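Below is one structure; the comments refer to it alone.
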Amino acid sequence: MTSNCIKFVWLIVLTMLMGSASAANINFDGSSIPACPLSGSTYNCAAGIAMGATDFVVISSGYTVVTSAFSPSYNQGLTINSGGALQSSGSIDLSNINPGNVSTGGSTLKAAGSFTLGSSTTINGSVVAGSISTNSGDTITGNVTVSGLADLGSGIKINGSVTANAVKTNSPGTIGGAITSATTVAMGSSLTVGGNVSGTTITSTSPVYITGNVNATTSFTLASGSTVTGNITSPTVTLSPSNSTVTGNISASNSLDVGSGVTITGSVTGGSLTLRASNAVINGSATMTGDVDMGSGTSINGDLSAHNVTMHSSSAAINGNASVNAIYIDWGDSVSKTITCTGPSASGCSCVTTADPNYHPTCGAAPAGMPHHFKINHSGSALTCQPQTVTVTACANAACTAPNFTSNIDVTLQPGGQTFTVSGGVNSAATVQSKTAGTYTLSATASGVTNATTCVNSGSGAACDMVFTDTGLTVTATNHVSLTPGVLVTVQALTASSGQPSCVPLIANKTVNVDMACSYQNPTSGTLTVGIGSKNAACGPNAFGATVPVPLTFDASGKATAALSYADVGMVGISASYATSSLGAVGNGTFYAAPARFRVTATNAANTITLDSNAQNAMPNTVFAKASEAFTLAVTAVNYNGTATPNFGKETTASKVKVTPTVNKGNDSPIAAPVPSGTGSSGALTYAFPAFTSGASSASANFDDVGYTKLVVSLDDGTATPLPYYLGQTLASFQTSGTLYVARFVPDHFDTVLVANTGSTPANLATMACPSPTSSIYPCSGNTTFTHSKQNFFVNVLAYNGAATPALTANYAGSLAKAITLQAMTAKGGSTVDSKGAFSWSQEGPPVPSPAPARYTFTSGTGTLDMTGVSTANLPAYVFTSTYLATSPGPLPVTIYLRANDVDGVSSLRTSAGNSVEAPLTVVNGRLLVTNAYGSPTSSLPVPVSAQYFLSSGYVSNPLAQATSAGKISSYITFSNCQKALAGYCGTLKLYDTNSLLTITNGTGKFTLAAPTPTISGIGSADVILKNSTTDLIPFLPSTTGRVTFGVYRSGPVIYTREIY
């Protein structure tokens, strides 16, 4: 053997000897320990414990070691046998020790100073210290009591309670018992607390899960996504958005702020209350001394008592009575029961203000009453070692259909005899209990309720039978929106243990196969499987189907979870069973799955436009349908992934939907509609959905007015509740709805109606009634009214819907009313436009002004013209293409039918042309005949005029004509062809009254000329016409040319003549 080999062997031997020598135990078992004198069973190590590099301190049962400090290094160890104890007058620091070298045997470790743990260390027992600081992944199986700060690291697990001056936890963590703090409690993300939490200021910034009461003397803040099963008491309570649930009562003497998506199942009392939009829900009564502010989509499912209440648009709901000093109810909001005004001298609805003038709530004293009976929903099985949660419903009728009895009522449950308050109709946190195994009949009683309790048993056995056993499985599945990710089913294996006040784990810290099964309970049949962990279970019809083995990992508290997925909707039962050669345990529970939303589509009658809520990001502005025109409205209940849920509508009481329209509201959310100005919000939506098939239903629908509509599809439980809950489960996410924006609706048709003359109708604008058909001057054909070419007239345009008995479209006004054009048709409902003329408008040129002046003003569907007769009025006239000429008298009378059209294609021409209402109007070619006149050369000369129109026999007098010239005669009269004594006088001839107007009464009138100046001697004549170079004095009565003669008297018999000089 070489020298190097010899050296190597000695090195190995020396190493072994050294290792063997250092691996010593310091045994506190009654033996003598240097520097640690023993007194009785207590070692007092005042100078600490001297330990080698790898020494272990071993404290035997019945011995206590008291030291000034204890801080072992990594390779050192601590073993405390059951009944032993370690105490320090200073600190205990286990942050550097190898976690595997610590075994504490269920004892209590005490440190007057700090207690510190490193990562992944387990203390099997309790800790009492001045303060505690843990690292990640530590476990303490007992209680923690410190006089200072309890700073608990991430992944902490404490099976017992925590009591401290202040508590801070990191993410995540589990505390099996209560948290009691003299000051603050700051809870980290994903902390689970199995008992009460108390302190001054209690906060959480990420989801926490508390099973117990919360009492904060200053304030309590609950983070998004959290769960509290217990009561909350604090002056100021803030429940941050979103998706948190509180099952219990809340007392907030100063204020309660409930964030979006938060659900409270219990009663609320305190100062002020704020419910943030949207889907903040209180399933219970609210009794507040201050004001209440309810955001859009929030609801209180119970009675409300408060000072002033403000409800914001839309779908805010108080599903109960309201006792208030004052209340403002915005658009789309509602109070389902009675409002009682409590202010001084209040009566009726004096304290109520509504934004919607058509919403009229019920006011007065709230009616008294009692439930018809109580209904208990339960799993059918329970454990003797803990209370079993059941759901109690206060039924308002024998069938226990909505709405429930919502006033507060105390109910006593058997077995157990505990009394609970049912608020808002439902208490989902009531319990029954029996410490003795057996089958018990459940019941609920209350003073004044005499009808028997009814039950729904999701397990097996009679409806009201619950089987209590000492050993079993509890199965809890979260009610959720169908196919939502992250949903879990929790199975807890528990058993009763002698001497223990509550259940202890039956299976702990291991993975076993648990047989799982499911059943369709409501509906009682289906086609889709339930995913549990990695397995899919086929459900049975109202009975559990075949089981599937699901591997579940149970923790120290006997709990295991598995992913749960179900692509359909309804109430589903889940069962779990586990058996070995020595034990067996079973249990079951239920969950509800609701549709995620309703997919809504609308297809117009022509099948040219389909609107789909899945693809809508803006309010449509094109024409969708006519008022009262049928269109197809389809609704599909879909899951989280957007797939139809075939069981929707097949429930025991089949789910139905209702559609609530909002009309012409520009601030509709989430899509802003064009804001119609000067219009209304009238209109009714008519539809009738048949039963749902494969999760879908479609109906023939129509909307009977015009404008932009927002259609909100929601569940219909037969009440006035805006957003009911699926299968009565009062979770915000179960208020299934869908929204579709449908636009635009336009009138079905117009009617045109001539306006009857009244005493205020200006003469120049009055139409004329036709003479008798036997009259020689009868111009009309098939109607009773006529007017002149170029004469303005009044015709109203009426916008109607297409109902069997058409009604005016009240919203056709303001910006929804479009510009109207008129056409002259040769027949009612005809297709031929009259070729003899065209319409002109009095304010539209030529030249055409910009912008073009308005024509019609629509009010509630009726379009009118300006009838004041002012010169600025824009009025229509029909103008013959060929008008009066001296050599060509122009066209014969023509009867036209007045057709109205707008730019959206709405017309007075109906689909059935014969039903068109198009006012007939005969138009005649008129003229103003200026009669020849004769007179003295020294006197004024009256000149008669008469109105005429042209017939086949020639021009005839029109005794119906009434007119007054718009301008002075002097501005229009023209003289020409002055002869003889008037030669050269054409420029000096004038009217007797240069300011006079021409008035035609019953077809005749006159104007008067002044005598020529200078006076003529002899006979002189001139031609006269009432027209200047371009315009007739009365445009619709173009003037003829008459002859006036001065110095010659009209011929005729002379009775006597005498000249006097």
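No other residue among THR1031, THR1013, THR1040, THR1004 is of a type outside the set (D, E, K, R), in contact (Cβ under 8 Å) with a residue 40 or more places away in the chain and surrounded by fewer than 17 Cβ atoms within 10 Å (Cβ to Cβ) apart from THR1031. Filtering region 1018-1044 to residues that are over 24 Å from THR938 (Cβ atoms), hydrophobic (A, V, I, L, M, F, W, C) and assigned to a loop (DSSP other than H, G, I, E, B) leaves LEU1033, ILE1034, PHE1036, LEU1037.
Out of the residues in region 443-456 that are among the polar types (S, T, N, Q) and touching a strand residue (DSSP E or B) at 6+ places or on another chain (Cβ under 6 Å), which is surrounded by the most Cβ atoms within 10 Å (Cβ to Cβ)?
The initial filter retains those residues of region 443-456 that are among the polar types (S, T, N, Q), namely 443, 445, 447, 450-451, 453-454.
Among the residues that remain, those that are also touching a strand residue (DSSP E or B) at 6+ places or on another chain (Cβ under 6 Å) are: 443, 445, 451, 453-454.
Working: SER443: 17, THR445: 15, ASN451: 12, THR453: 21, THR454: 18.
Within region 443-456, the match that is surrounded by the most Cβ atoms within 10 Å (Cβ to Cβ) is THR453.
Please determine, by comparing only the residues of region 764-797 that are touching a residue at least 12 places away in the same chain (Cβ under 8 Å), of a type in the set (S, T, N, Q) and part of a loop (DSSP other than H, G, I, E, B), which one is surrounded by the most Cβ atoms within 10 Å (Cβ to Cβ).
The first filter runs over region 764-797 and keeps only residues touching a residue at least 12 places away in the same chain (Cβ under 8 Å), leaving 764-771, 776-777, 779-797.
Within this subset, residues satisfying the condition of being of a type in the set (S, T, N, Q) are 764, 767, 776, 781, 783-785, 787, 789, 791-792, 796.
Filter once more, so that each one left must be part of a loop (DSSP other than H, G, I, E, B): 767, 776, 781, 783-784, 789, 791.
On the way: THR767: 22, SER776: 9, SER781: 13, ASN783: 16, THR784: 13, SER789: 27, GLN791: 25.
Residue satisfying both the conditions and the ranking: SER789.
Tell me which strands (runs of 3 or more DSSP E) are completely within region 481-533 and hold 3 or more residues being among the β-branched types (Val, Ile, Thr), in the same structural domain as GLY584 (by TED's automatic domain parsing) and loosely packed, with under 13 Cβ neighbours inside 10 Å, or say none if there are none. Break it down into steps so the answer makes sense when it comes.
Values: elements: 488-495, 510-522, 530-532.
In region 481-533, no matching strands (runs of 3 or more DSSP E) lie anywhere.
When region 53-74 is filtered for residues that are in contact with a Gly (Cβ under 9 Å, 6 or more places away or on another chain) and within 13 Å of LEU38 (Cβ to Cβ), the ones remaining, listed by number, are ILE59, SER60, GLY62, TYR63, THR64, VAL65.
Filtered by the rule that a residue be aliphatic (A, V, I, L, M), under 29 Å from THR652 (Cβ atoms), in contact with a Ser or Thr (Cβ under 7 Å, 6 or more places away or on another chain) and at pLDDT 95 or above, region 514-566 gives MET516, ALA517, ALA537, ALA538. Here the condition is being closer than 22 Å to LYS656 by Cβ and of a type in the set (Ser, Thr, Tyr); of THR590, THR527, it holds for THR527 alone. Going by the structure shown, is SER557 in a loop (DSSP other than H, G, I, E, B) and among the polar types (S, T, N, Q)? Spelling it out, SER557 is indeed in a loop (DSSP other than H, G, I, E, B) and among the polar types (S, T, N, Q).
Would you confirm whether or not region 99-109 contains a residue that is among the small types (Gly, Ala, Ser) and either touching a helix residue (DSSP H, G or I) at 6+ places or on another chain (Cβ under 6 Å) or at pLDDT 95 or above (or both)? Outline the logic, then answer.
So in region 99-109, the residues among the small types (Gly, Ala, Ser) come out as 100, 103, 105-107.
Pick out the ones that are also either touching a helix residue (DSSP H, G or I) at 6+ places or on another chain (Cβ under 6 Å) or at pLDDT 95 or above (or both) and you get none.
Within region 99-109, not a single residue is among the small types (Gly, Ala, Ser) and either touching a helix residue (DSSP H, G or I) at 6+ places or on another chain (Cβ under 6 Å) or at pLDDT 95 or above (or both).
Set side by side, the residues THR227, THR205 differ, and just one is modelled with pLDDT under 90 and either surrounded by fewer than 20 Cβ atoms within 10 Å (Cβ to Cβ) or touching a Pro at 6+ places or on another chain (Cβ under 8 Å) (or both), which is THR205. Of all the residues in region 194-244, those that are closer than 20 Å to PRO172 by Cα, in a loop (DSSP other than H, G, I, E, B) and outside the structural domain of THR265 (by TED's automatic domain parsing) number 11. Among the residues of region 970-1017, the one identified as touching a Phe, Trp or Tyr at 6+ places or on another chain (Cβ under 8 Å), in a strand (DSSP E or B) and more than 21 Å from SER946 (Cβ to Cβ) is CYS978. Taking region 195-206 as the range and being under 17 Å from THR229 (Cβ atoms) and touching a residue at least 24 places away in the same chain (Cβ under 8 Å) as the test, the residues that pass are GLY195, ASN196, ILE202. Take ALA593 and decide whether it is of a type in the set (A, V, I, L, M), surrounded by fewer than 23 Cβ atoms within 10 Å (Cβ to Cβ) and under 37 Å from the mean Cα position of the chain (by Cα). No: the conditions fail for ALA593.
One residue stands out among those in region 108-152 that are in contact with a Leu (Cβ under 6 Å, 6 or more places away or on another chain) and assigned to a strand (DSSP E or B): the one that is nearest to ILE97 (Cα to Cα), which is LEU117.
Going through PHE750, PHE745, PHE689 one at a time, which residue ends up being in a loop (DSSP other than H, G, I, E, B) and aromatic (Phe, Trp, Tyr)? Outline the logic, then answer.
On the way: PHE750 fails: in a loop (DSSP other than H, G, I, E, B); PHE745 fails: in a loop (DSSP other than H, G, I, E, B).
Result: PHE689 is the single residue among PHE750, PHE745, PHE689 that is in a loop (DSSP other than H, G, I, E, B) and aromatic (Phe, Trp, Tyr).
Based on this model, can you work out whether ALA452 counts as hydrophobic (A, V, I, L, M, F, W, C), farther than 30 Å from ALA732 by Cβ and part of a strand (DSSP E or B)? First the steps, then the outcome.
Working: hydrophobic (A, V, I, L, M, F, W, C): yes; farther than 30 Å from ALA732 by Cβ: yes; part of a strand (DSSP E or B): no.
No: the conditions fail for ALA452.
Scanning region 925-960 for residues that are of a type in the set (A, V, I, L, M, F, W, C) and either at pLDDT 95 or above or touching a helix residue (DSSP H, G or I) at 6+ places or on another chain (Cβ under 7 Å) (or both) returns LEU928, LEU929, VAL930, ALA933, LEU941, VAL943, VAL945, ALA947. Among the candidates ALA947, ALA981, ALA963, the residue that is buried (at least 18 other Cβ atoms within 10 Å of the Cβ), more than 18 Å from ALA766 (Cα to Cα), in contact (Cβ under 8 Å) with a residue 40 or more places away in the chain and among the aliphatic types (A, V, I, L, M) is uniquely ALA981.
Here is a yes/no grid of residues against (1) farther than 18 Å from VAL657 by Cα; (2) free of Cβ contacts under 8 Å to residues at least 24 places away in the same chain; (3) buried (at least 18 other Cβ atoms within 10 Å of the Cβ); (4) of a type in the set (Ser, Thr, Tyr):
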site	(1), (2), (3), (4)
GLY683	yes, no, yes, no
SER697	no, no, yes, yes
ASN702	no, no, yes, no
ASP705	yes, no, yes, no
VAL712	no, no, yes, no
ASP716	no, no, no, no
THR721	no, no, yes, yes
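Here PHE648, PHE624 are screened, and the one residue that is surrounded by 15 or more Cβ atoms within 10 Å (Cβ to Cβ) and either among the hydroxyl-bearing types (Ser, Thr, Tyr) or closer than 30 Å to THR524 by Cα (or both) is PHE648. Entry remark, region 257-307: residues being closer than 20 Å to GLY332 by Cβ, free of Cβ contacts under 8 Å to residues at least 60 places away in the same chain and not β-branched (Val, Ile, Thr) number 9 in total.
Could we say that VAL623 is in a strand (DSSP E or B) and of a type outside the set (Lys, Arg) here?
No, not satisfied.
Hey, any hits in region 239-261 for a residue that's in contact with a Phe, Trp or Tyr (Cβ under 6 Å, 6 or more places away or on another chain), surrounded by 23 or more Cβ atoms within 10 Å (Cβ to Cβ), at pLDDT 95 or above and under 26 Å from PHE420 (Cα atoms)? There is no residue in region 239-261 that is in contact with a Phe, Trp or Tyr (Cβ under 6 Å, 6 or more places away or on another chain), surrounded by 23 or more Cβ atoms within 10 Å (Cβ to Cβ), at pLDDT 95 or above and under 26 Å from PHE420 (Cα atoms). Within region 573-596, if we keep just the residues that are of a type in the set (A, V, I, L, M) and in a strand (DSSP E or B), the residue that is nearest to ASN479 (Cα to Cα) turns out to be ALA593.
The values are calculated or read from the model by the stated rules, or taken from the named source; none is laboratory data. Just so you know, these numbers come straight off a predicted model, no measurement behind them. In this analysis, Cβ positions are derived from the backbone assuming ideal geometry, glycine residues included, and neighbour counts consider all displayed protein chains.
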